[in-house]
């Protein structure tokens, strides 16, 4: 068998030097055509959806890629290609999100996530996502915008 194309009894393809418990390990079931979970996020089932998604990510050892604790290696790093491959194999499929939340989710899919409101407001996709999120909160009765009482001071977020 060729180096780099060894196959274990579980049907996983192992690259030489990649431990199957590594976040860089890719199994035969890891490809973009497979839904990680059967639930479609629709706004009323977040807890069920998030628990199922966390279980699936944990089982595939990909929580760190999803939450950012395993950052993308810099250009030139020998792990960059494997990181990109693993990340692509475990992306959030738009088919698992209802139409109502697609604008928000697609904004999250941008390559660079803003680190401040100013950055987010400067990006049309993020600005649209914020507008959609506020509309959803208002239509669900989750919140209302109130005037600040005259005797109160605004709390700044720095």
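Can you compute the FRET efficiency between residue 150 and residue 87 using 1/(1 + (r/R0)^6), with r the Cβ-Cβ distance and R0 = 35 Å? Round to the nearest 0.05. The computed FRET efficiency comes out at 0.10.
Ranking of 101, 39, 46 by neighbouring Cβ atoms within 10 Å, starting from the fewest: 46, 39, 101. Taking other C-beta atoms within 10 angstrom as a stand-in for reagent exposure, 83, 126, 143 fall in the order 143, 83, 126, fewest first.
Taken together, the values in this text are just the output of simple stated rules run on the coordinates, not laboratory data. A quick note: this is a predicted structure, and the numbers were derived from the prediction, not measured. Note that we place each Cβ from the backbone using ideal geometry, even for glycine, and neighbour counts take in every protein chain shown.
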